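Have a look at the structure below before the remarks.
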Amino acid sequence: MLQLSLQISSSHKCGASILNENWALTAAHCVERNNASSITLYAGSIYLSSGGTTHNVSEIIIHESYDAFDSYINDIAVLKVSNPFQIDGVDVKPISLPAQGQNPPDEMLAEVIGWGELGEHGDFSDTLQKVNLMIVNQDQCRSIYEFYSEHVYDSQICAGLPVGIGGSCRGDDGGPLFVDGNVVGLVSWSRYCARPEYPTVYTRVSVYVDWIKQKTGA
């Protein structure tokens, strides 16, 4: 289990991922305006309602240049836990990061996982869900959102489905986008929910690998 449920006052809010026994990775917007004492990370189960372990957050580090008012640029944060994750390589294990600056090609198969809404304005899933997506061309994604006066930066990466419904939704924020086993993105924002005409915009993790290592030693 690479996936964590980030909970505020014991209620699921976002996804997160294990970096090592003491640190987790998520999106900055999931934890801004929250005290560490109000956040817990739930690990080791695909079910929100049973089977996992709860870990208290003792420290929040949000990227210094994060800006929610500028297309959620630098939407990344690391969280330190006071009671370490019991990493066993099966039920609880750390994610693999890409190399700094390493980017997947367009149309590469990707996968996003989470407990988010099962449709727009739906309920959170109790069981961890996953869906296969494709990496969307950066210029194409940028042009889609420029129409709505929203910007897609080079430090962001887009993924979605060319047809059909599928993708991340509310409650999946901060969770991982995988390509070839590496976490290449963190769910950040989109227009509506899992619609093919609006790819989800993810924080491009390869831009921040050095920052993650500097802050956590992961």
Next on the checklist: Testing residue 152 on (1) at positive phi; (2) crowded, with 19+ Cβ neighbours inside 10 Å, one condition comes back false. Which one is that?
Outcome noted: (1)
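Residue-wise test of (1) more than 30 Å from residue 149 (Cβ to Cβ); (2) not polar (S, T, N, Q).
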residue: 28; (1), (2): no, yes
residue: 38; (1), (2): yes, no
residue: 51; (1), (2): yes, yes
residue: 70; (1), (2): no, yes
Checklist outcome for this item: Okay, strands (runs of 3 or more DSSP E) sitting entirely in region 148-218 with 1 or more residues that are in contact with a helix residue (DSSP H, G or I) (Cβ under 6 Å, 6 or more places away or on another chain), I get 156-160, 182-189
Checklist entry - From 195, 204, which residue is basic (Lys, Arg) and surrounded by fewer than 23 Cβ atoms within 10 Å (Cβ to Cβ)? => result 195
Checklist entry - Of all residues in region 29-41, which are open to solvent by 20 Å² or more (accessible area, probe 1.4 Å) and either under 19 Å from residue 95 (Cα atoms) or among the hydroxyl-bearing types (Ser, Thr, Tyr) (or both)? => result 37, 38, 40
Checklist entry - In region 69-85, what residues are touching a residue at least 40 places away in the same chain (Cβ under 8 Å) and loosely packed, with under 15 Cβ neighbours inside 10 Å? => result 70, 84
Checklist entry - Looking at (1) open to solvent by 40 Å² or more (accessible area, probe 1.4 Å); (2) among the small types (Gly, Ala, Ser); (3) more than 19 Å from residue 186 (Cβ to Cβ), can you tell me which one residue 99 breaks? => result (3)
Checklist entry - Can you tell me which residue in region 161-184 is nearest to residue 94 (Cα to Cα), limited to those that are among the small types (Gly, Ala, Ser) and either open to solvent by 10 Å² or more (accessible area, probe 1.4 Å) or at pLDDT 95 or above (or both)? => result 181
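The values are calculated or read from the model by the stated rules, or taken from the named source; none is laboratory data. Everything numeric here is computed off the predicted structure, so don't read it as measured data. Please note: Cβ atoms are built from the backbone with ideal geometry, for glycine as well, and neighbour counts cover all protein chains shown. Note: areas computed on protein heavy atoms with side chains; ligands, DNA, RNA excluded. Shrake-Rupley method; radii C 1.70, N 1.55, O 1.52, S 1.80 Å.
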